[in-house]
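The values are calculated or read from the model by the stated rules, or taken from the named source; none is laboratory data. These numbers come from a predicted model, not from an experiment. Here Cβ is always computed from backbone atoms with ideal geometry, including for glycine, and neighbour counts include all displayed protein chains. When the accessible area is computed, the model is the full protein with side chains, heavy atoms only, and any ligands, DNA or RNA have been set aside. Shrake-Rupley method; radii C 1.70, N 1.55, O 1.52, S 1.80 Å.
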Amino acid sequence: MKYLLFIGLYFLSLSTFSQTTSILFLGNSYTFTADLPGTLYNLALAGGDTIYHESNTPGGYTFQGHSTNATSLAKIASRDWDFVVLQEQSQIPSFPPSQVASDCYPYAAILVDSIRSNDACTEPVFFMTWGRKDGDQSNCPFYPPLCTFEGMNFRLRQSYLEMGANNGGTVAPCGAAWHAMSVADNFFWNGLYSGDGSHPSAWGTYLNACVFYATIFRQSPVGITYYSSIGQADAETLQQLAADMVLDSLSNWSIGHQDVVSNADFAFNSGLEVQFVANSENATDHFWTFGDGETSTDENPIHAYQTTETFTVTHIAFSNCDADTTMLQLTTNALGIDNQAALNEVVAAQNGKIFTVRNPLNRTLSVSILDISGRRVFTESIQSNSTKTFDLNASNGIYLLQLSDGYEQATRKVALD
């Protein structure tokens, strides 16, 4: 997605709104058979998302062919696409590495260059295909890994992952999902193929569409009530398989590698003066609101508050293509926080979601956990000169550990995973 930085209207980036995701498919009959683009369109629509899609999928086409094909190049240049899906001819990426390096990788790079020259924010998505049911028997005598589905599928996986890594692209792990089904249910796996043991059946295309849905929207297709022509029970099985394959392993497929991430934090310098730190990834611009009407576009601003109270601070990290927001809650104190020697003596040890807090003070200590929106999710009192262990039953994420002895307050950032 593309973002423009309008500081005066920063709050619009916090609003939830629906928009159309544009996808161009460049491939061949593996994409065309059983209408993968149309199946993904209907699946997304039933899930509350809207897709605009176009395709160029001549039979048997290669990356080399697409790299000079007038229709493919014209479609790339026709609009600012959110995603361009690239599917190579079904055999080429399974060949020996040296052959793939010469016959496939250079043309993948040319296509990605054409895509990003048109719009630097478009994300290339490499469509990892699957091995043939009985392997590639025509090339088996020359390269033994091709003699079986497992061997051919493994080589395809290696090549597509390398193309994603080499070109800064995302990989849609359809072939990995096909392999998982071959292990889980061989009969069902057979049904993913059409009669030629190569192209996808309606079931295979539905699985591919579920993988693409999870890859592009980073949401589970489980529960979406579009079943194509394969029936609810089989569709739900394939929805779950795709969700497990993609969403449990986003980093494996380089999904989200281009995202802007904000992990904003703060520390008190002295008195009411606060140092804010963006701790962001892939950000080019920053915008802070400090909760008292003041703002900043510095990456790591220092802000002096005028009153002792609780403020909600918002940090937005921007790139040309993405944005991410962190909200922090802090309570100012005329004495400051980090400089309070008494609270610095409190020891808070963390092991996952288990916290052990030792209170060495001669007064009761209040321990609170707040989420990034400032909502209090846990509060506990610890008597003077005592230790208490508690299990925080909360979702994974970034939280604030807030300590108060009735006079002073300290805030520490913690991560639950």
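Tabulated results
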quantity	calculated
Number of positions in region 211-257 that are in a helix (DSSP H, G or I), of a type outside the set (A, V, I, L, M) and under 19 Å from Phe188 (Cα atoms)	7
Test: residue in region 127-148 that is open to solvent by 10 Å² or more (accessible area, probe 1.4 Å), assigned to a helix (DSSP H, G or I) and either among the β-branched types (Val, Ile, Thr) or touching a residue at least 60 places away in the same chain (Cβ under 8 Å) (or both)	no
Residue check, Asp103 open to solvent by 10 Å² or more (accessible area, probe 1.4 Å), among the acidic types (Asp, Glu) and more than 22 Å from Ile23 (Cα to Cα)	yes
Filtered residues of region 186-201 (kept if out of contact with any Gly (no Cβ under 9 Å at 6 or more places or on another chain) and either among the acidic types (Asp, Glu) or crowded, with 17+ Cβ neighbours inside 10 Å (or both))	Trp189, Asp196, Ser198, His199, Pro200
Hits in region 357-376 (condition: at pLDDT below 85 and within 27 Å of Ser262 (Cβ to Cβ))	Leu370, Asp371, Ile372, Ser373, Gly374, Arg375, Arg376
Single condition Gly60 does not satisfy, out of (1) surrounded by fewer than 19 Cβ atoms within 10 Å (Cβ to Cβ); (2) within 25 Å of the chain's Cα centre (by Cα); (3) closer than 26 Å to Ser198 by Cα	(2)
Residue satisfying condition, being in contact with a Phe, Trp or Tyr (Cβ under 6 Å, 6 or more places away or on another chain) and open to solvent by 30 Å² or more (accessible area, probe 1.4 Å), within set Ser228, Ser254	Ser228
Qualifying residue in region 266-281 (condition: without any contact (Cβ under 8 Å) to a residue 60 or more places away in the chain, part of a strand (DSSP E or B) and closer than 28 Å to Ala214 by Cβ)	yes
For Ala243: the one exception among (1) more than 30 Å from Met181 (Cβ to Cβ); (2) touching a residue at least 24 places away in the same chain (Cβ under 8 Å)	(1)
Residue within region 154-161 that is open to solvent by less than 70 Å² (accessible area, probe 1.4 Å) and not in a helix (DSSP H, G or I) present	no
Set Ser386, Ser395, Ser381, Ser366: member being open to solvent by 20 Å² or more (accessible area, probe 1.4 Å) and either touching a residue at least 40 places away in the same chain (Cβ under 8 Å) or touching a Phe, Trp or Tyr at 6+ places or on another chain (Cβ under 7 Å) (or both)	Ser366
Restricting region 53-106 to residues that are out of contact with any helix residue (DSSP H, G or I) (no Cβ under 8 Å at 6 or more places or on another chain) and of a type in the set (Ser, Thr, Tyr), the residue that is nearest to Leu36 (Cα to Cα)	Tyr61
